[in-house]
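Here is the structure we will look at.
The values are calculated or read from the model by the stated rules, or taken from the named source; none is laboratory data. Bear in mind the structure is a predicted one, so any value in this text is a computation, not a measurement. All Cβ positions, even for glycine, are placed from backbone atoms using ideal geometry, and neighbour counts span all protein chains on display.
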Amino acid sequence: MMSIDLENTSLRQLSQALVTRQVSSRELTQAYLDRVQRLDATLNAFITLDPERTLRQADDADARIARAQAGPLTGIPIAHKDIFCATGWLTTCGSKMLSNFVAPYDAHVIERFNAAGTCTLGKTNMDEFAMGSSNETSFYGPVKNPWNPARVPGGSSGGSAAAVAARLAPAATATDTGGSIRQPAALCGVSGIKPTYGRVSRYGMIAYASSLDQGGVMAPCAEDLALLLNTMVGFDARDSTSIERPAEDFTAQLEQPLQGLRIGLPKPFFAGEGVSAEVQQALESALHVYRSLGAQCVTVDLPHSGLSVPVYYVLAPAEASSNLSRYDGVRYGWRAAQAQDLIDLYERSRAEGFGPEVKRRILTGSYVLSQGYYDAYYLQAQRVRRLIVEDFKAAFAHCDVILGPTAPTVAFGFNEKTSDPVQMYLSDIFTISVNLAGLPGMSIPAGFGAENLPVGLQLIGNYFDEARLLHVAHRYQQVTDWHRQVPPLARL
Ligand code: GLN
């Protein structure tokens, strides 16, 4: 019988238990699969499970541990967002368009985790092609928030966030184009990090908006994230935007004191407008904690941050309309039956394979890129993007990290925002500028609002400052226990 508390054991402790043979990878993995079995009918966090394949990997890990060749993550089961291609696994990206696509190769992220000896627990549910903030655009149905199944988990990485929150997996990969790691992490009460653009290879990560997409990861705490980033981050020649830098150990500075840390508080993030009282209150308490740890707060200005949502909704759809042109029913993916000719095949396959939000983005994107509108929308948005980058540069001259809310409210209800896309788009008002600038950002649990729903705190770092972000988050987590809370539904 396994004697490990799956609700509150860190990855480091799990690894220790595996290496000392207190538990085998097969037992550990089976225990998580059992939790998935019990809870996922309610949560819908997974699109694909393949326990036999998963347990074969666990056996391989056990053999590796027996040979004393284990690394820090060997034998640990990890859930992967269904945007990452994994050989032999159905890889849908939450879309009917890819509902028959079995990946013939591994994404760089998957290669890295496989090489580290982790087991793929399953592929997690997500908004279709990562477009959404509530998981309601998934072809596979919405994911439920483990803290209250009548609420959304956030999106687009809602399956990964719900899986980690309910401890169906010790960690899960995710991606963030405008907030899709941080916002669901906040709404589900877990920790998540989006690294600097270019840190994690996009090879084999299904493209949405290539200049913004970045892979990252979610887990209960920052220390876990540091270990996971050690595996995920690295140069990959197959992604032309991948960055070559010396290897870094993201766990190295976790225990340093925070004395003298300068925390930047952006005026527009604290202007009150649109931020609910419960979120504000949690932020104030967090600032109190940071001050008591020796940090000082400075006000910074991000004068163009109010333009980040409109800029994003020009640029991201423009890139999406181009990236998604590859789904034509010819090479792979959904193919309409009984097409009259080639054009008819394209039209029907795309009409049948894409959901309404994806179609909306393709239409908007094609529009802003079309002759006559390109200068007024696309080019203009690129110019404002540059201003947003400059704002952050100026802010980081006065502070080491920026702190603010991750999302304006706690988890909202199903169908609350689906009829008004702009309301939905505003869920990412505090996260999107970080992608536009290519900076690293994270969200950590910072309290609970009404009805016991989690509140997330966002930390934004300068380029390549992931180690500092994780350090700042870890010190907070050493003196708070928000990240240890497990939703009642998941207490088996
Ligand atoms: N919610 C935003 C969108 O719909 C961001 C999604 C993401 O980060 N993938 O585009």
Quick count over the stretch 27-41, residues being within 15 Å of R53 (Cα to Cα) and among the β-branched types (V, I, T), is 1
Going by the structure shown, is T231 out of contact with any Phe, Trp or Tyr (no Cβ under 7 Å at 6 or more places or on another chain) and away from the ligand (no atom under 16 Å from the Cβ)?
no
Checking the condition in contact with a Lys or Arg (Cβ under 6 Å, 6 or more places away or on another chain), within 16 Å of the ligand (Cβ to nearest atom) and hydroxyl-bearing (S, T, Y), which residue from T124, T92 passes?
T124
Given G353, G404, G372, which one is among the small types (G, A, S) and under 24 Å from the mean Cα position of the chain (by Cα)?
G404
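Every residue, every condition in (1) aliphatic (A, V, I, L, M); (2) in a loop (DSSP other than H, G, I, E, B), yes or no:
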| site | (1), (2) |
| --- | --- |
| K123 | no, no |
| S134 | no, yes |
| T137 | no, yes |
| V143 | yes, yes |
| G154 | no, yes |
| A162 | yes, no |
| R167 | no, yes |
Quick check: is even one residue across the stretch 408-429 under 21 Å from Y463 (Cβ atoms) and surrounded by fewer than 16 Cβ atoms within 10 Å (Cβ to Cβ)?
no
Options P310, P268, P317, P220: the member that is in contact with a helix residue (DSSP H, G or I) (Cβ under 6 Å, 6 or more places away or on another chain), more than 17 Å from P440 (Cα to Cα) and within 16 Å of the ligand (Cβ to nearest atom):
P317
Can you run down the residue pairs with Cβ atoms below 6 Å, 6 or more apart or on separate chains, where the first is in the stretch 450-464 and surrounded by fewer than 24 Cβ atoms within 10 Å (Cβ to Cβ) and the partner is among the hydroxyl-bearing types (S, T, Y)?
Y463/T196; F464/T196
The lone exception for I444 - which of (1) at pLDDT 95 or above; (2) within 14 Å of the ligand (Cβ to nearest atom); (3) β-branched (V, I, T) it fails
(2)
Which listed residue is modelled with pLDDT of 95 or more, in contact with a strand residue (DSSP E or B) (Cβ under 6 Å, 6 or more places away or on another chain) and within 16 Å of the ligand (Cβ to nearest atom), from T431, T364, T406
T406
When you look at L187, is it away from the ligand (no atom under 16 Å from the Cβ) and crowded, with 24+ Cβ neighbours inside 10 Å, yes or no?
no
Please state which one of Y374, Y346, Y378 is aromatic (F, W, Y), away from the ligand (no atom under 16 Å from the Cβ) and surrounded by fewer than 16 Cβ atoms within 10 Å (Cβ to Cβ).
Y374
